[in-house]
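**Student:** Pasting a structure here, questions to come.
What follows is calculated from the coordinates using simple rules that are stated; it is not laboratory data. Note that the structure is predicted; figures quoted are calculated from it, not measured. Cβ placement follows ideal geometry from the backbone for every residue including glycine, while neighbour counts extend to all protein chains displayed.
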Amino acid sequence: MMLPMKRSTEEIITITLSASGSLAIIPFAAIRFFRGELLMGCIDIFLILGISSIGLFVWWTRQVRVPGMVLTIFILSGLVTIIYVGGASLVHWAYPTMVAAFFLVKPREATAFNLLVMVVLIPALVQEISRLELVIILVTLILNNVFAYVFAARMSEHRQHLSFLAERDPLTGIGNRRALNARLEGFVLRQQTKIIAASILVLDLDHFKDINDTHGHGKGDQILVQVTEIVSANIRVTDDLYRLGGEEFVVIAMGASRDAGTKLAEQIRGSIETSKLLSDRRVTISLGVAEFKEGESYQNWLDRADAAMYEAKRAGRNRVCVAD
């Protein structure tokens, strides 16, 4: 059984902004209906329903990009509407609304949307306030956007860097278990719309504990790095290599049937065996191969390849075994 995917940062941000925005408008809608301001009250209700609907859409579909764009346009259009209907006194809503845009779309897109809104608002503001007040509002809005842009751009860069580090093995530089799970999960989801052949190769160094005990952990780490380089040189550009932990690695061979995956595994095994990584002994690996079966979970797919690898271990090591 597949566990539910953890929600991404973008999903959480969009859902949170939708919920907080709706809750923030509700009291004002109630006050306006109480005062008899029916038009403004109806606009508030429309905004609440629209923002909530987009938030719920993101919750159920887990799509972010298009809903984020739609929500940005919706709230900025709502901002323009309430200022034209309610007057310049409501311009203070422009500050949080424009900042919110930087959390929903890319910084450059948010900047473009916000600049357009400022231009559209000028005719409504110039009729009610002095030129000096208009300049002050525009300057502060521009500064508001500059600061938000710098913050959003830096945060995006920082998040991408952290995400990269979180999915990299620090010793070998290849993907780790987290990156592997994400890749396999994405592949299985795409199989629902388009069937693509693929095989998993699980490989494990033979007698690696003995290597560490005899030559030291520093030499063991060097062997792991060298094995990574050898495997990387044997796989195709469309394949991916990950380190599960310790001396165990996984190759995802995209487009490879069981036979093609087995051939690749034998090629990798032979390359490791003939490489003189140690002067006093051969370094060998055992491999398990499993082709993806339609309808199975990625964890079951990985488990089958892992079981085949352990079968190779039991059969004498330095060999390839294929899952049924």
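**Student:** Rounded to whole Å and ordered largest first, report the semi-axes of the equivalent ellipsoid of segment 253-320 derived from its Cα gyration tensor (root of 5λ).
**Tutor:** In descending order, the three semi-axes are 26, 13, 8 Å.
**Student:** Between segment 115-157 and segment 45-63, what is the separation of their alpha carbon centroids in Å?
**Tutor:** Taking the Cα centre of each part, segment 115-157 and segment 45-63 sit 27 Å apart.
**Student:** Follow-up question, since we're still on this one. Highest first, please rank the peptides 53-59, 296-302 by the mean number of other Cβ atoms sitting within 10 Å of their residues.
**Tutor:** 53-59, 296-302
**Student:** Okay, next question. When only alpha-carbon atoms count, how far does the chain stretch along each of its three principal axes, as whole angstroms with the largest first?
**Tutor:** Answer, in whole Å and largest first: 88, 38, 29 Å.
**Student:** Hey, what angle do you get for helix 217-234 against the long axis of the chain, alpha-carbon based, 0 to 90 degrees rounded to 10?
**Tutor:** Helix 217-234 sits roughly 80 degrees off the main axis of the chain.
**Student:** Using only Cα atoms and rounding to the nearest 10 degrees, what angle (0 to 90) does helix 94-104 make with the longest principal axis of the chain?
**Tutor:** 20 degrees
**Student:** Principal axis extents for segment 177-322, Cα atoms only, whole Å, descending order, please.
**Tutor:** Rounded to whole Å, the extents work out to 51, 27, 25 Å.
**Student:** Another one. If you stretched the chain out fully between Arg177 and Tyr84, how much longer would it get, using 0.36 nm times the residue separation minus the C-alpha to C-alpha distance?
**Tutor:** 28.1 nm
**Student:** Right, here's the next one. Beyond 18 Å, what percent of the Cα pairs of segment 9-166 remain?
**Tutor:** Across segment 9-166, Cα pairs with separations above 18 Å total 61 percent.
**Student:** Add -39500 (n - 2.57) for each DSSP H run of 4 or more in the chain, then divide by its residues: what number comes out at 222 nm, to the nearest 500 deg cm²/dmol?
**Tutor:** Using -39500 (n - 2.57) per qualifying helix, the result is -22500 deg cm²/dmol.
**Student:** Relative to the longest principal Cα axis of the chain, at what angle does helix 107-126 sit, 0 to 90 degrees, rounded to 10?
**Tutor:** Relative to the chain, helix 107-126 is tipped by roughly 0 degrees.
**Student:** Sorted by packing (mean other beta-carbon atoms within 10 Å per residue), highest first, where do 232-243, 93-104 land?
**Tutor:** 93-104, 232-243
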